[in-house]
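Reviewing the structure listed below.
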Amino acid sequence: MKAARATDKQILASDPASSAWVAANAGSGKTHVLVDRVIRMMLAGAEPARILCLTFTKAAAAEMASRLFERLSGWIALDDTALTATLEKLGATPESSDNLRLARRLFTRALETPGGLKIQTIHAFCERLLQLFPVEAGVVPGFTVMDDRTAREALEAARDRVLARAQADHAGELGQALAEVVRHVQADAFNGLMSEILAKRADLQDVLSSEQGIDSAIGILRAALGFAPGEDRESVLAALAISPAHYARLAEALSGGSEADRKRAALLAGHLRTSAATLVDLCGFLLTQKHEPRSLTSVVTKPVRTAHPWIDDFIAAEQQRLVGGIARLADLERLAATQALLVLAGQIAGEFERVKRRAGAYDFDDLIVRTRLLVAAKPDAAWVLYKLDGGIEHVLIDEAQDTSPAQWDIVRSLTAEFFAGRGVRQRPDRTLFAVGDRKQSIYSFQGADPDVFEIVHDEFKTRIEAAGQAFNDVDFTVSFRSTAEILTAVDTVFHDAAVARQGLDGTRKKTLLHESNRRDESGLVDIWPLIEPEDREERQPWIAPVDREPANSPRRRLAQKIARTVKSWLGRRVIEATGTPVRPGDILILVRRRNGFFDALVRELRNKGVPVAGADRLQLTKSIAVLDLLALARFCLLPRDDYSLACLLKSPLLPRPLNEEQLFELAWQRGSRPLWQRLSESSDPRCIEAHRQLSAWLESTGSRPFEFFAGVLAGSRKQFLARLGGEAGDALDAFLDSALAYEQEHSSSLAGFIAWFVAGEVEIKRNMEQESGEVRIMTVHGAKGLE
C-alpha cells in the first residue's frame, strides 16, 4: 500500500504538463523522480537541449546523468510488451507503436543533443552563461575559474598589499581604519576577522556599490541602534555630566560616616574639582567590574543612608543613567569599529577584484554574484533573458533547500517569462520543478536559508496558478532506504519536542513524518548508556602526546567499545535481508565531527584487525604518507637535516625501514657528525640499503617536482599502502596532483613546491560510496545523499 502511494506521488510529481514542488524526505526517491520527469518531458516532445537541470554538487549531476542514460539505453533492447509495461509504470502510457519507437530513440536523441544535456551545477551553468555574454556581464572574455586554493592565495596577496599601504600612510583614512580595527582585536584574531568578512564580500560589494556606500550602511546601523542625527561621543558624555550641587551634598553626607564613607567622600571631592567630570569617572564608585549597579550598601553604608533617605533614590537613578550611557558609548565604539572594518575590507575586496581581472580569472562566488547582476539588475538583462528564453523551456532544481537567495534570484529571472504575459500565451507548456527538504539544509555557511525555500514556494505557486497553469504540491514521505524501526526512532525524537524541532518547522509549520517501504525487513535502534569520565590520572607531560586522547577518556573508551562490537559482528552476525554474514564493507559509522574521537576510532579498529577506510576527508599536510614525502624532499634539499632523515629511515619509503632501537643505535653518540655521515659509515645491512636508496634520490633532486615524486612512488607506493591502508593511496594521488598543478602555474623548483605546498591547506574528499570492503567512518554532514 505504501509503495502504491509512493508511486502515485512520483507519477504526479513527474507529470510534464504541470509545474511541481516536492518536499522529499531522505531516501524517498527524489533523484529517481527527477530522472522520470526528464524522460517524460522528452516523451512528450520536449527538446533535450531545452531542459535545464540544476543540481547542487558535481556528484549529484553525474549521478542524475548516469541514471538517465542507463534507463534510456536499457529501453533499446526491450520488446514491445516489456517497454509498454515500463512506460505505464512511469505514468506515460503509450498510445501507439510510434510512441514505442520514440521511446527507443530517446537515448540517441539525448546523446546527440548539441552541447549535451544541461544537467549541471548552478555554478557550471553560471560560468557558461558568463562565457556567452562577457560584454553584457562586464567580465573578461574567456576567463578561467580559480580553484579554492588559488583564490585564497590571491585574496591573501590582496590583503597584504592593502595592509602595507595602510601602514605606510598612518594619517590617511586607510591607516586610521587599520589602527581602529587592531585596537579591538589581537593579532591572532585579526586574520580570522578579515577572513570572515571577506567570505561575505558579495554582501560587502552590495553595500559599497550603493550610492552613498559605507555612509549609507553606517546610517542604517545608527538608526537601528537608535542614535539621533549628530549624536556622538561628546554629546553622550555631556549627557553624563555630574551635578556639582548634588554630589557636593552626597560628599558632605559621606564625610560624616564610617572610614569607608569618608574615603568615598574624598574621591567625590577630587572629581568635583574637575569641571569636565562625568559619571564615567565614577564608574568604579557606582558599578561593579562587569558594569552592573553595585548594591547600595557597597556604595554608602546603612547609617549614612538612614540619616539621609534621599541618597537611595539618587544613587539608583545615577547608576541607571551611567549604565545607559556606557551602553551608548559602547554602541558608538561598535559603529566606529564597523566603519573602519568596512573601509579596510572594502579596499581588500577592491584589490582582489583588480587582481582577478588582471589574471582573467574569477572565483566560485563571482559566478553567482555576476550572473545575478547580469540577469536581474543590469540594463542588458532583458536582452540576455530574451536570448535564454528561446533555449530553456523547463527548469528542474535539485536540493532546493540549499539554494541561496542569490541563486533563487537567478532562477526567478530565468523563469520570469514562463508564467507572465505573452510568454504564457505563446508557450503555455513551460514548467518549473523543485525538490528539496528543509530538514536536510546543511549549507547555511554558503548562504542557504531553508526559510527562503518555503517563501519561494509560495511565490511561485501564486505566479503559476495566476497564469492558469497547473501546480502540484507533492510530499514524499515513503522511504526506500531505511526500515520502519529506524524511521520511527527519528520521528519520536522530533515529536512535540520544542528544542529538537527548532529549525525544522519553518514558516509553513509542517514537518513530514516518515514511512518505510521496507515492510518485510526489520531494523534495530540500540541506545548505549553514556560513558562517564573516570578519575583522571596524572599525565607525564614529557612523554604524553598532546594530540592523542588519553586511554581513560570517555571518547577513547567509546572508540574501544565500538571497535570490539564491530569485531564481534564480522563473520558471526547475519544480515536478515540477504542472509549473508556481516562484512566490514556493510558497516558505516557516523560521527558529528572529525576530532580526536574520529582518529581514536580509526586507530582502535585497526588495532582490532578490522579493515577501515580511514577518514572521508583528508588534509594532505597532516597525512603521514605526505609528511614522509615532504621529509624526503627536505632531506634531498639539505642532507644535514637530521630530523627529516630520521623520519625517512622509519618510513615505508624504504623497503626495510629501521625500527626505534636501530635508529637510536645509529644516532646515539655521533657527536657533531650529521646523521647522514653516520649512516654512510654504518655496516648494518639495513643502513647500507637505506644509504644506497637515499643516494639515488639525492641524484634526482634536480628533477621537476612531479617527476621527482612520481619516480619515488613508483617503487614505494605498495609499501605505503601495505603499511597505511587505502587512505594513503588517495593522499598520495592528491599530492601528485598538487605537484603537477604547481608546475603549471609556477616554476619547476622542488624547494619552491615544498614551500608552496606547506603554506596552504589542501583538503580532499574521498569517495566513500564505492564498496571497498572496509568499515567506513563519515560525518553526518559528509554522508548526506550517500546511497
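Take the Cβ-Cβ distance between TYR643 and GLU763 as r, set R0 to 22 Å, and report the resulting FRET efficiency rounded to the nearest 0.05. Spell out each step's value before the answer.
Values: r = 26 Å, r/R0 = 1.18.
So the FRET efficiency works out to roughly 0.25.
Kindly report the accessible area of the chain per residue (heavy atoms of protein chains, probe 1.4 Å, no ligands, DNA or RNA), in Å².
Details: 41010 Å² over 787 residues.
Each residue of the chain exposes 52 Å² on average to a 1.4 Å probe.
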Q: Would you mind calculating the gained length between GLU576 and ARG50 on full extension (0.36 nm times residue separation, minus the Cα-Cα distance), in nm to one decimal?
A: 184.8 nm
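As an exercise, identify the chymotrypsin sites (Phe, Trp or Tyr not before Pro) in the range 663-748 lying in DSSP coil whose Cβ has no more than 14 other Cβ atoms within 10 Å.
Details: sites: PHE664, TRP668, TRP676, TRP697, PHE706, PHE708, PHE709, PHE720, PHE735, TYR742; in loops: TRP668.
Within the range 663-748, the qualifying chymotrypsin sites (Phe, Trp or Tyr not before Pro) (loop, at most 14 other Cβ atoms within 10 Å) are TRP668.
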Q | Residues of the range 623-658 with amide N under 20 Å of the 7 Å Cα→Cβ point at ARG692 | A | 648-658
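Using only DSSP helix segments of four residues or longer, with each worth -39500 (n - 2.57), what per-residue ellipticity at 222 nm results for the chain after dividing by its residue count and rounding to 500? Working shown, then result.
On the way: 35 runs with 439 residues, N = 787.
The helix-only estimate for the chain comes to -17500 deg cm²/dmol at 222 nm.
Whenever you get a sec, line up GLU112, GLU681 from highest to lowest accessible area (probe 1.4 Å, protein heavy atoms).
Values: GLU112 135, GLU681 95 Å².
Heavy-atom accessible area, descending, gives GLU112, GLU681.
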Q. Of all accessible surface on the range 86-236 at a 1.4 Å probe, what whole percent is carbon and sulfur?
A. 52
(Q) Which order do you get for LYS9, LYS622 if you rank them by accessible area with a 1.4 Å probe, largest at the top? (A) LYS622, LYS9
Q. Based on the Cβ-Cβ distance of SER73 and PHE480, what FRET efficiency does E = 1/(1 + (r/R0)^6) give at R0 = 25 Å, to the nearest 0.05?
A. 0.65
Q: Compute the distance in nm between two label points, each set 7 Å from the Cα along the Cα-to-Cβ direction, one at ALA248 and one at ALA223.
A: 4.6
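For ALA359 and ALA751, FRET efficiency with R0 = 22 Å and r from the beta-carbon atoms, rounded to 0.05? Let's see the in-between values first.
On the way: r = 25 Å, r/R0 = 1.12.
About 0.35, to the nearest 0.05.
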Q.
If I model a spin label at THR288 and ASN659 as a point 7 Å from the Cα along the Cα→Cβ vector, what separation in nanometres do I get?
A. 6.2
Q: Using a 1.4 angstrom probe on the protein heavy atoms only, line up HIS495, HIS123, HIS246 by accessible area, largest first.
A: HIS495, HIS246, HIS123
(Q) Here is the link list: LYS387/LYS461; LYS9/LYS58; LYS58/LYS387; LYS290/LYS439; LYS200/LYS461; LYS30/LYS461. Which ones come out longer than 29 Å on Cα distance? (A) LYS290/LYS439; LYS200/LYS461
Q) With each label point set 7 Å from Cα along the Cα-Cβ vector, what nm distance links SER255 and GLU231? A) 3.8
Q) Just one of [x] -1.16, -1.29, -1.38; [y] -0.92, -1.12, -1.32; [z] -1.03, -1.14, -1.25 is log10 I(q)/I(0) by the Debye sum over Cα atoms at q = 0.09, 0.10, 0.11 Å⁻¹ calculated from these coordinates, so which is it? A) [x]
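The values are calculated or read from the model by the stated rules, or taken from the named source; none is laboratory data. Computed from a prediction, not measured in an experiment: that's the story for all the values here. Here Cβ is always computed from backbone atoms with ideal geometry, including for glycine, and neighbour counts include all displayed protein chains. Just the protein is used for accessible areas: all its heavy atoms, side chains included, with ligands, DNA and RNA removed. Shrake-Rupley method; radii C 1.70, N 1.55, O 1.52, S 1.80 Å.
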